[in-house]
Amino acid sequence: MLKLSEIKELIQLVDQTSVHELDIELEGTHLTIRKANKTEVVAAPSVPAQYVQVPQQAAPQIQNLQAAAETAQQPAAETKAADPNLHKIVSPMVGTFYRSPSPEAGPFVNVGDKVNEKTTVCILEAMKLMNELEAEVKGEIVEILVENGQLVEYGQPLFLVKTE
């Protein structure tokens with residue numbers, strides 16, 4: 001049985017990491033922890049979250065959740081970012097990241113594309129306003145660090161550019 005204290009611990013783990021949603025389904029019981037503006041717990045309507053049954057063989061999976069969450073929190077770009085020839089294009093605001101000017105259009109840039117200081121690399125939507133973000137450096141896009149439609153934070157790296 002998944003105890004209330006274990007559910008609270010799972011909520012804290014999700015809240016403290018970049019994981020946005022955690023689904024656990026065991027023996028017909030479904031538990032979802034989802035981050036939006038706040039963390040919430042959604043359980044099967046007929047079963048209150050504090051009474052969720054977890055078989056003993058699932059206990060190691062729950063104990064390893066913290067290690068998995070911490071691993072997910074470390075961006076793959078950290079090793080590449082150590083290269084002095086790589087420049088991070090970071091988000092100047094909190095908003096939603098879009099790779100293209102419209103859903104039907106192609107992306108502004110792809111990995112391998114050459115950019116200059118005035119090249120538009122993405123759009124950041126904040127409070128229904130669309131803000132174009134320029135590369136501000138001359139070089140080649142090495143990696144795109146976020147997904148289209150993803151919520152980004154102030155200062156979050158979006159692209160890695162190999163400068164010339």
Starting from the stretch 84-102, take each residue that is farther than 16 Å from residue 136 by Cβ and list its partners that are in a loop (DSSP other than H, G, I, E, B) and of a type in the set (Ser, Thr, Tyr), counting only C-beta distances under 7 angstrom and pairs at least six apart or across chains.
-> 94/154
Subset tally (residues that are closer than 13 Å to residue 97 by Cα, surrounded by fewer than 18 Cβ atoms within 10 Å (Cβ to Cβ) and touching a Ser or Thr at 6+ places or on another chain (Cβ under 8 Å)) for the stretch 135-154 = 6
Within the bounds of the stretch 51-67, is there any residue that is at pLDDT below 95, in a strand (DSSP E or B) and more than 21 Å from the chain's Cα centre (by Cα)?
-> no
Strands (runs of 3 or more DSSP E) wholly in the stretch 104-163 with at least 3 residues that are farther than 15 Å from residue 88 by Cα and assigned by TED's automatic domain parsing to the domain that holds residue 84 - which ones?
-> 120-126, 129-134
So residue 87, is it closer than 14 Å to residue 161 by Cα, at pLDDT below 95 and not basic (Lys, Arg) = yes
For the stretch 93-103, how many residues meet the condition of being closer than 15 Å to residue 145 by Cβ and not in a strand (DSSP E or B)?
-> 1
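The values are calculated or read from the model by the stated rules, or taken from the named source; none is laboratory data. Keep in mind the model is a prediction, meaning the values are calculated, not measured. We place every Cβ from the backbone using ideal geometry, glycine too, and count neighbours over all the protein chains shown.
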